[in-house]
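The values are calculated or read from the model by the stated rules, or taken from the named source; none is laboratory data. All values reported here derive from a predicted model rather than from experimental measurement. Every residue, glycine among them, receives a Cβ derived from its backbone with ideal geometry; neighbour counts consider all protein chains shown.
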């Protein structure tokens, strides 16, 4: 019930007051993000945590001039792999083997199946798949922020090509997928703050098949 209360409290803040979020809260939000499930456990994305105000100022004009980009405490940029490569796939499988301390034949067969599949696919197809995995982690970050009483504003309205240039993402084999400003709502300038949350009725969204 506590989590549901937090999710009812949260909304996409349209104005933030610039107050800094405590670093321990940010760390827990990022840890929840890290713990998100992803396809084959590959975690094909990275999260850029922008605290630098100058960089926020550069991003704002290419993000529909949305004030939350500069008025937030931390701007998270979820950047997906531009494609799947053998090196990236092997890294995660090797990491798993190192942490678990053993190799499993089925797991190694699965590794080979991915190596025979993903790297041969079109780069755009691979990026779109990786971006969908980033969105799963993105949702974890939103929920974790709500649990910490931190406002989060999901942003898809931005020029990804320009954000990639500002952050030098393409050189790192990454492409920006979605932005998430974190901070605290500025109630006197936010038209959405006092409006009732609207969601479809459960019966219009959920179908139970027995």
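Summed over region 22-64, the residues that are out of contact with any strand residue (DSSP E or B) (no Cβ under 7 Å at 6 or more places or on another chain) and in a loop (DSSP other than H, G, I, E, B) give a count of 9.
Pairing residues of region 42-67 that are without any contact (Cβ under 8 Å) to a residue 12 or more places away in the chain with residues that are assigned to a loop (DSSP other than H, G, I, E, B), at Cβ distances under 8 Å and at least 6 apart in sequence or on separate chains, gives 60/66; 60/67. When region 186-210 is limited to residues that are more than 18 Å from residue 8 (Cα to Cα) and surrounded by fewer than 10 Cβ atoms within 10 Å (Cβ to Cβ), the one that is modelled with the lowest pLDDT turns out to be 188.
Flag: residue 170 matches the condition of being surrounded by fewer than 18 Cβ atoms within 10 Å (Cβ to Cβ) and within 27 Å of residue 53 (Cβ to Cβ). Applying the criterion of being in a loop (DSSP other than H, G, I, E, B) and in contact with a helix residue (DSSP H, G or I) (Cβ under 6 Å, 6 or more places away or on another chain) to the residues of region 159-208, the residue that is farthest from residue 46 (Cα to Cα) is 193. Tell me, please, whether a residue that is in contact with a helix residue (DSSP H, G or I) (Cβ under 6 Å, 6 or more places away or on another chain) and part of a helix (DSSP H, G or I) can be found in region 148-155. No, because not a single residue in region 148-155 is in contact with a helix residue (DSSP H, G or I) (Cβ under 6 Å, 6 or more places away or on another chain) and part of a helix (DSSP H, G or I). For region 1-30, a residue qualifies if it is within 16 Å of residue 139 (Cβ to Cβ), exposed (fewer than 12 other Cβ atoms within 10 Å of the Cβ) and in contact (Cβ under 8 Å) with a residue 24 or more places away in the chain, and exactly one does: 3.
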